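Asks: What follows is a structure written as structure tokens; I'll ask about it next.
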Amino acid sequence: MTIKAIMCDVDGTLLNDEGYVSPFTIEMIKKVKEQGILFGLCTGRDVDSVKTLLETWGVNNIVDIIVGTGGAEIYDYILGIDKSNYPLDGALIQDIINHYEGMDLNFAIPYEGILYAPKDDKYIQMLSYFDKVPYKVVDFKEFLKEPKSKVMIVCDEGYMEKVIEKSKTFHNENYKSASLKTASVLYEYMDPRVTKTNGLIEALKMHDLSLDELCVFGDADNDYDMVKNAAMGVVMANGSEKTKSAANYITEDNNHDGVGNFISKILEGTL
């Protein structure tokens, strides 16, 4: 197996819990790039907010490709390509919001590097703080006149089971959507054609590469599909049991250089 590209999830994977990439992992990424291997990020975060945070994370100038919004957006630094696919219709998003009326939660939509919410509360403040992305409260009736990439439900970790249970009764006759828990406090809706795997296929194709030449790193349930489909799927020790079940390898957790240590094994040929 010849690995020609490495794509890495961000939160809980590449970033440690303090919100940056360790110097050792950065050094390993630089070394693997010297071997001609592409390095990129594949994340649920939107491309615009990722681009503004690369320097904060310590990885500016070493990222070749960003696959953002769970696979809906691609930004390629090498080829200068910026594209997005399959947004959700505004009417569908409003229908989703209405479905959860009266519940203790908020909604967030990433757009052009800002998190947009219909109301100000502790949930959007928490998400903005931990993701280091500014938020803005707007009138969603106006905001949703145009399609948006996805909608996120933000709630307390202990409330998530109620959100998941409520999601089982959502149905819309006119539009299709897919939903899943992407973090302990996040539940997301997007177009069913949007997956990290599909975004990676499209990004790799632009470089005449395929999943058979790809190594991915992930941790959460929304990384399951890419871990399962890549030639080499690596999951962090802190990853979910579901995603670990699809892994070829388990590496150390995100606070102990899990990504960097595994890349060093690729470089040494000791796998």
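Read-outs throughout are calculated quantities, based only on the coordinates presented, and are distinct from any laboratory measurement. Please read these numbers as outputs of a predicted model, since none were measured by experiment. Neighbour counts are summed over all protein chains in view; Cβ atoms, including those assigned to glycine, are modelled from backbone coordinates with ideal geometry.
Asks: Quick one: Debye curve from the alpha-carbon atoms of region 15-64 only, equal weights, vacuum; give me log10 I(q)/I(0) at q = 0.17, 0.20, 0.25, 0.26 Å⁻¹ to two decimals.
Replies: Reported log10 I(q)/I(0), two decimals: -0.51, -0.71, -1.05, -1.11.
Asks: Taking every pair of Cα atoms in the chain, average 1/r, invert it to obtain the Kirkwood radius, and report Rg/Rh to two decimals.
Replies: On the way: Rg = 18.1 Å, Rh = 18.8 Å.
My calculation of the ratio gives 0.96.
Asks: Could you list the square roots of 5 times each eigenvalue of the Cα gyration tensor of region 1-88, that is, the equivalent ellipsoid semi-axes, sorted largest first and rounded to whole Å?
Replies: Numbers: eigenvalues 83, 55, 26 Å².
Here the semi-axes work out to 20, 17, 11 Å.
Asks: Could you put PHE143, PHE170, PHE217 in order, starting from the residue whose Cβ has the fewest other Cβ atoms within 10 Å?
Replies: On the way: PHE143 18, PHE170 14, PHE217 30.
Ascending number of Cβ neighbours within 10 Å: PHE170, PHE143, PHE217.
Asks: For the chain, with only Lys/Arg (+1) and Asp/Glu (-1) charged at the beta-carbon, what is the dipole magnitude about the Cα centre, in debye rounded to 20?
Replies: Values: 27 positive and 44 negative charges, 76 e Å.
About 360 debye.
Asks: Rounded to whole Å, give me the distance from the Cα center of region 200-223 to that of region 1-71.
Replies: Spelled out, the Cα-based centre of one part sits 13 Å from the other.
Asks: Next question, about the same structure. Quick one: what do you get for region 109-258 if you divide its Cα Rg by 2.2 N^0.38 Å? List each step's numbers first, then the result.
Replies: Working: Rg = 17.1 Å, N = 150, 2.2 N^0.38 = 14.8 Å.
Dividing the Cα Rg of region 109-258 by 2.2 N^0.38 Å gives 1.16.
Asks: Leaving out same-chain residues fewer than 8 places away, which lysines sit with a Cα under 16 Å from that of LYS205?
Replies: Qualifying lysines at Cα under 16 Å: LYS4, LYS83, LYS196.
Asks: Apply the a/c threshold of 1.5 to the C-alpha gyration tensor of region 90-190 and tell me whether it is rounded, prolate or oblate. Don't skip to the end; give the middle numbers.
Replies: Working: a/c = 1.66, a/b = 1.09, b/c = 1.52.
Here region 90-190 falls in the oblate category.
Asks: Please compute one quarter of the surface area of the Cα convex hull for region 171-257 and express it in square nanometres. Each step should come with its number before you reach the end.
Replies: Values: hull surface 28.0 nm².
That works out to 7.0 nm².
Asks: In a Debye calculation with equal point scatterers on the alpha-carbon sites of region 11-170 and no solvent, what is log10 I(q)/I(0) at q = 0.10, 0.11, 0.20 Å⁻¹?
Replies: -0.42, -0.51, -1.33
Asks: Quick check: pseudo-label points 7 Å beyond the Cα along Cα→Cβ at SER210 and PHE130, how many nm apart are they?
Replies: Between SER210 and PHE130, the simple spin-label model gives 3.9 nm.
Asks: State the answer as a single residue: which of SER128, THR43, HIS207 lies farthest towards the positive end of the charge dipole of the chain, with beta carbon charges of +1 for Lys and Arg and -1 for Asp and Glu, about the Cα centre.
Replies: Among SER128, THR43, HIS207, the one farthest towards the positive end of the dipole of the chain is HIS207.
Asks: Assigning unit charges at the beta carbon (Lys, Arg +1; Asp, Glu -1) and nothing else, what dipole magnitude in debye, to the nearest 20, does region 90-190 show about its Cα centre?
Replies: On the way: 13 positive and 16 negative charges, 39 e Å.
For region 90-190, the charge dipole is close to 180 debye.
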